[in-house]
Each structure stands twice: as structure tokens, then as C-alpha cells.
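**Q** This structure is in C-alpha cells; I'll ask about it shortly.
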Amino acid sequence: MGTIKQISDELKEWIVTTLNSGVSPVVIADALVKKGFNPRYAYESLFQIVGNGAVKSPEAKSELPYQYEIPAIGQRGNTIYTSDREIKVLARIEKPFILHLDNVLSDDECDELISLSKERLQPSRVVDSVTGEERVVPGRTSKGMYYTIHENDLVTKLEKRFEELTQYPVENGEGLQVLNYHVGEEYKAHFDYFPSGKVDEKKGGQRVGTLLLYLNDVEEGGETIFPKVGVSIVPKKGSAVYFHYTNSQNQVDRLSVHSSIPVVVGEKWVATKWIRQNPIY
Ligand code: PD2
Ligand code: ZN
């Protein structure tokens, strides 16, 4: 019987997620061999993925631990005042740095964002950590769309609020993304920062933080979870979670791995604002 010499996209996605959860490449390569993969092919593929910076290589274990710094958004007390809103801090987690916020958006703003986005949804894509190309993968089953910066009055108003809230200039923000998940849809464990080697210094550099805004209540399921620290954020219309994962020394925080678990009843709408170290344009 011949041995298998091709890894599907689905299997590649599983390998990256499993490596990122801390399982050693050798253990995964052995599992592939047991499944009938050609041993040399299995080991070479694994080390190609590890070497590409998609995951931490065994040698990287000796890297210095992530040095936590409290970002500006975390130094503002229990109510954060922007020029048009009082945002409530509901919870703070130190490691990884997570801030749970309420009253970031009004009900009308949530409804308007959903209705403006509905007609423009496309299957969500991820950046392939090996090729750098965007592609649809089984681990991310939502639909989504992007706004350009200042695309319309609502987006412009929200960008100003997010600048005041996070203290990062509008220019450091990627275009607002809106995502919609139906029953069973999810976004499996991932990091929001770019793999080392895929950071474009000319386009703002590394991502430093994510502001994830909940646009509706979900009847069951659809939580955003941080599995390394046992934190689960239940979607609530108008609320948000901010997490910060890159420090001033360019280290990235592996505890920030997170996922959106499947929606069980109802649907889920969120907006994602990714923030970079420097202006993007
Ligand atoms: O929709 C979510 O809860 C979610 C979870 C994890 C979204 C993202 N990541 C993302 O857009 O990066
Ligand atoms: Zn994410």
C-alpha cells in the first residue's frame, strides 16, 4: 500500500491550530504517520510549517516570556468617557490583557451596522500562514465584509469613538469588519497578530490589539473564548471586548489565543477593529 503525500487545506488548518495549542511537532508528525502519511513527507511538512513562523518552534521555547504592559485603554478607571459616550468597564483580566466593556455602541448603531452590512457579506477568509494568501477555511465558517476608513457617516463616527477609547489614532486601525455567524458557525482558535515574517512594516507593522464589538444578543452559544485562561465572553448587544497582545518590545502574547464557539440558537453579529503599531496609510 502506498503512503499519502498530500496534506489537505483542512488538515493543514488542524495542524496549525494543534501546534498553536502547544502540542509538539514531533507528536503531530507521528500521528500523521500512523494515519498513513509518508514519514519523510509528514516530518518535512511539519517543519516547513514550524519554520515559517506560523507556530512557535521548539527552539523558541527559550524565548523571553512576554512582558506585560498596560495599554492606555486600561489606565482610564471604571468609566471611560469619550466625547459622545460613557463606556463602562465590566471586567479586567491581566494576562492576557482583556477588557470587557459595556455601552460602547447604542442599539440603533448596532442595528444600522447590521443593515448596512447585510447585502455585502462574503464567506470569511483567513491569511494562510504558509503562503500569505487569503483563503476560505473550514475553521472559519462565518460570513463577513469590510468597510474602508471613513466609508460613511456611521463608520466615521465610530472610528472617532474607538480612537478616543483606545488612544490609538484612526490611521492605525484597519477597516472595520462585520461578521455574521449562523447556527453551527464558528471561528476556531487563532491569534489575531501576524506570524513573525508576515508583518508588513510599510503597512502599520504588527497588530497590537483587537476591539471586538457585539451587535446583537445571541440566544445560545457564540461566546468568544480565551481557552488558555478559561475566559468566556457572552455576546451582548452594544458591549465589546478589547484584548492587547503586542508590547513595545515587539513581543506577542501567546495567551491571547481565542475563538468564537459555534452558535447554538439564533445568530451572531460582531464588528472587529484591528489596531496596528503605526499608521497603515
Ligand atoms: O466573533 C468572535 O467572537 C471572534 C472571535 C475571535 C472574532 C474574532 N476572533 C476575529 O474577528 O478575530
Ligand atoms: Zn480573532
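The values are calculated or read from the model by the stated rules, or taken from the named source; none is laboratory data. Since the model is a prediction, treat every value here as computed from it, not as a measurement. Ideal geometry is used to build each Cβ from the backbone, glycine not excepted, and the neighbour counts take in all protein chains shown. To get the accessible areas, we keep the full protein, side chains included, count just its heavy atoms, and leave off ligands, DNA and RNA. Shrake-Rupley method; radii C 1.70, N 1.55, O 1.52, S 1.80 Å.
**Q** Scanning for something of a type in the set (Phe, Trp, Tyr), open to solvent by 70 Å² or more (accessible area, probe 1.4 Å) and touching a residue at least 24 places away in the same chain (Cβ under 8 Å), does the stretch 211-226 turn up at least one residue?
**A** The first filter runs over the stretch 211-226 and keeps only residues of a type in the set (Phe, Trp, Tyr), leaving 214, 226.
Applying the additional criterion that residues be open to solvent by 70 Å² or more (accessible area, probe 1.4 Å) yields none.
The answer is no, given that none of the residues of the stretch 211-226 is of a type in the set (Phe, Trp, Tyr), open to solvent by 70 Å² or more (accessible area, probe 1.4 Å) and touching a residue at least 24 places away in the same chain (Cβ under 8 Å).
**Q** Does any residue in the stretch 254-273 that is under 30 Å from Tyr66 (Cβ atoms) and of a type in the set (Ser, Thr, Tyr) come within less than 9 Å, Cβ to Cβ, of a residue that is part of a strand (DSSP E or B) and open to solvent by 50 Å² or more (accessible area, probe 1.4 Å) six or more places away or on a different chain, and which pairs are these?
**A** Listed by first residue and then by second, the contacts come to Ser259/Lys188; Ser260/Lys188.
**Q** Still on this structure, please answer the following. Only one residue in His244, His190 is in contact with a His (Cβ under 8 Å, 6 or more places away or on another chain) and farther than 24 Å from Glu109 by Cα. Which one? First the steps, then the outcome.
**A** On the way: His244 fails: in contact with a His (Cβ under 8 Å, 6 or more places away or on another chain).
One residue alone meets the criteria, His190.
**Q** Identify the residue in the stretch 239-265 that is more than 18 Å from Ala189 (Cβ to Cβ), touching a strand residue (DSSP E or B) at 6+ places or on another chain (Cβ under 7 Å) and away from ligand 2 (no atom under 15 Å from the Cβ) and, among all such residues, is most open to solvent (accessible area, probe 1.4 Å).
**A** Val264
**Q** Taking the criterion of being surrounded by 19 or more Cβ atoms within 10 Å (Cβ to Cβ), of a type in the set (Phe, Trp, Tyr) and within 16 Å of ligand 2 (Cβ to nearest atom), would at least one residue in the stretch 144-159 satisfy it?
**A** No; the residues of the stretch 144-159 include none that is surrounded by 19 or more Cβ atoms within 10 Å (Cβ to Cβ), of a type in the set (Phe, Trp, Tyr) and within 16 Å of ligand 2 (Cβ to nearest atom).
**Q** Go over the candidates Glu223, Glu219 one by one and state the one that is within 18 Å of Tyr181 (Cβ to Cβ) and within 16 Å of ligand 2 (Cβ to nearest atom).
**A** Step by step, each of Glu223, Glu219 is checked, and only Glu223 is within 18 Å of Tyr181 (Cβ to Cβ) and within 16 Å of ligand 2 (Cβ to nearest atom).
**Q** Let me confirm something: among Leu113, Leu90, which residue is open to solvent by 70 Å² or more (accessible area, probe 1.4 Å), within 25 Å of Asp217 (Cα to Cα) and modelled with pLDDT of 95 or more?
**A** Among Leu113, Leu90, only Leu90 is open to solvent by 70 Å² or more (accessible area, probe 1.4 Å), within 25 Å of Asp217 (Cα to Cα) and modelled with pLDDT of 95 or more.
**Q** Just for strands (runs of 3 or more DSSP E) wholly inside the stretch 210-281: which have at least 3 residues that are at pLDDT below 95? So that I can check it myself, show each step before the final result.
**A** Values: elements: 224-226, 231-233, 240-244, 258-260, 263-265, 268-276.
In the stretch 210-281, no matching strands (runs of 3 or more DSSP E) lie anywhere.
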